[in-house]
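What follows draws every value from the coordinates through simple rules; no lab data is involved. Keep in mind that this is a model prediction, so the values were computed, not measured. Cβ: placed from backbone, ideal geometry, glycine included. Neighbour counts: every protein chain shown.
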């Protein structure tokens, strides 16, 4: 029974609150379609960035019982951010509805259509800039219209296969133990925080107080699991090893779905309307099937990211390889699309300064950079390398040197993190 | 010049180790070549061809490894650079592109290749050791480790209990309860031993029980766990240890004299 109440609490803290946060902290760039999964991904990342700030402050500035301060402060902030998200979203909808109401009955029948035109004054789950309404329900309904086509059947079968593969992976994640010596460090650090109330100040292997573990103190991912354990009441070890894969594996696939959507033009920043929706959905379905089969059979050595995903799902390095890296790849696709649009002038849309900062890609890079520092200390160096390499290439391909400049600018947090890490180590 | 060659050699051996059976990299190479020829979309070419090309080049360059060792980690973690290259995504995209129009046949063909040539994570091994087993509980540790931890905790009156136990148990007990301290643990395996020779005594055959108790008292050890498979020099009860209980494969004792002392000094602090 405690697992049931724990699960409900986890859904609240892990799914509901980040989603509500995402309602306000999703970028406002016109070219970004704010579908449910994108809103959630941004909300989750923003929550993680806040957790990083709160927990690192508690680790370094509070010596005793610092974990309880961290839990209290972050829980309050998480709820406040979610309330702010809902309030801002509701306010925008209200203003929008009032405006529509004022336009008269004739325009009210067009409310749904005009909502898709993306005035930018409120959040819609649509592709502003394309002039077409698109929300998730309509996306499915347009798919259903094609149910007579062969592609539709293909899409249904491929997505069913993917669903089956995911369900199998989740079942195995719960019922299978993968022995890994590193758990004695990571899982026990989470457990120490919940049972002893202290963060990184006890020797995990044998117990007993020690100096602050500087090598790991900035990579606070185990403390995030400890936080979830504390608020849900589920033992930290059971949470990390049995419960978290049930969230993390679907979340990893959700990110790959976003990447696949960008590649094949489904629920992406610019959908490819030249092809039927069912055909594109089938493409993404096959992509996801291949990704999930590779996740199971990609264990060709102990070093592959696929192996880390399946056997060490809850460890920071596995989360870095399978969450941070795909998110950066998603940002790279967005940025290339955005600059392609500008150069080709397809929509006549110009990139403003604010959309450069909070627009597709760059803001995502900033959040992922912070997240990668939470995962593993060396993560920030890797994400910086990936961003700079991608931006260099994009700058050359798009003949736009500013891409490289922005790429370097978004890596400033990484440089600060590395400096702190080297100085404190 | 020789150090450049050394770094290059190291990079190649890192790549070979990462490749393992080689299947994933071969499939990736084939997908890469196919996409290099067939992918015409500029954005996808940047994503699947040019960015990975830069990353491969960076991975192989000796100065990058030198910088990595100097600034980030001197350990053997350079292979993580390869995580930045979307191997699976490239293979999957090539599969989608190849099966255009025949996706279900494509799914069967691609799955067959991956299943037949790949290595299932559910039969994973580290070296020759099988690392996969069926879960006995939500903690994903052996039930017996929980039983041992509960037995050791019987003597807990708000203070910490430091226990000595066979090496295999040290991997699990603190994943269940961090109130149980250990005389030695994984730091022995990691190569920075903290214990005063207790590890050597505990792993000797037979175990010198009196020597273990003598050293244990120096380290405030009040609980002793012996595996039934361990050969003991004497019966622990001869030296005043009292049996707390038994599990299928382990016997748990406590040292009343040391326990009294630990309680009198409020070992570390009360919870």
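For the reader, a short list of remarks on this structure follows.
- The value given for the range B:2-122 is a Kirkwood hydrodynamic radius of 16.0 Å, derived from the mean inverse Cα-Cα separation.
- Between residue B:136 and residue B:102, the C-beta separation translates, for a Förster distance of 30 Å, into a calculated FRET efficiency of about 0.10.
- Only beta bridges with both residues in the protein assembly as shown are counted; by DSSP, about 65 percent of them are antiparallel.
- Residue-span extension gain [residue B:21 to residue B:237] - 0.36 nm each, minus C-alpha spacing: 72.5 nm
- Ellipticity estimate at 222 nm from DSSP helix runs (n ≥ 4, -39,500 (n - 2.57)) divided over chain B, nearest 500: -13500 deg cm²/dmol
- Volume of the convex hull of chain B (Cα atoms only), normalised per residue: 210 Å³.
- When B:140, A:37 are arranged by Cβ crowding within 10 Å, least crowded first, meaning fewest neighbours, the order is A:37, B:140.
- Compared with the dominant Cα axis of chain B, that is its longest principal axis, helix B:103-117 is turned about 50°.
- Projecting label points 7 angstrom from Cα along Cα→Cβ for residue A:36 and residue B:109 puts them 3.5 nm apart.
- Descending semi-axes in Å of the protein assembly as shown, equivalent ellipsoid built from Cα gyration tensor: 49, 29, 24
- With R₀ set to 45 Å, the beta-carbon distance separating residue A:246 from residue A:153 gives a calculated FRET efficiency near 0.90.
- Sorted into 5 angstrom bins from 0, the C-alpha pair distances of the range B:1-63 split as 4, 16, 19, 21, 17, 12, 7, 2, 0 percent.
- Number of partner chain Cβ atoms within 10 Å, mean per residue of B:38-46: 4
- For a label point 7 Å along the Cα-to-beta-carbon line of residue B:150, residues of the range A:171-209 with backbone N under 15 Å: none
- Computed over the range A:179-251, the quotient of the alpha carbon radius of gyration and 2.2 N^0.38 Å is 1.07.
- Projecting label points 7 angstrom from Cα along Cα→Cβ for residue A:404 and residue A:274 puts them 3.1 nm apart.
- Partner shielding of A:169-177 amounts to 4, given as the average count of beta-carbon atoms from other chains within 10 Å of each residue beta-carbon.
- When A:62, B:114, B:105 are sorted by how many other C-beta atoms sit within 10 angstrom of their C-beta, beginning with the fewest, the order is B:105, A:62, B:114.
- Whole-percent P(r), the range B:143-264, all Cα pairs, 5 Å bins from 0: 2, 12, 25, 27, 23, 10, 2.
- Per-residue Cβ neighbour counts within 10 Å put A:76, A:328, B:141 in the sequence A:76, A:328, B:141, beginning with the fewest.
- Note on residue B:214 and residue A:209: their simple-model spin labels are 3.2 nm apart, each label 7 Å out from Cα toward Cβ.
- Nearest-ten-degree value, helix B:87-98 long axis tilted from longest Cα axis of chain B: 40 degrees
- Helix B:23-38 axis, angle to chain B major axis (alpha carbon atoms, nearest 10°): 30 degrees
- Remark: mean inter-chain Cβ contacts per residue of A:303-313 equal 5, using a 10 Å Cβ-Cβ cutoff to other protein chain atoms.
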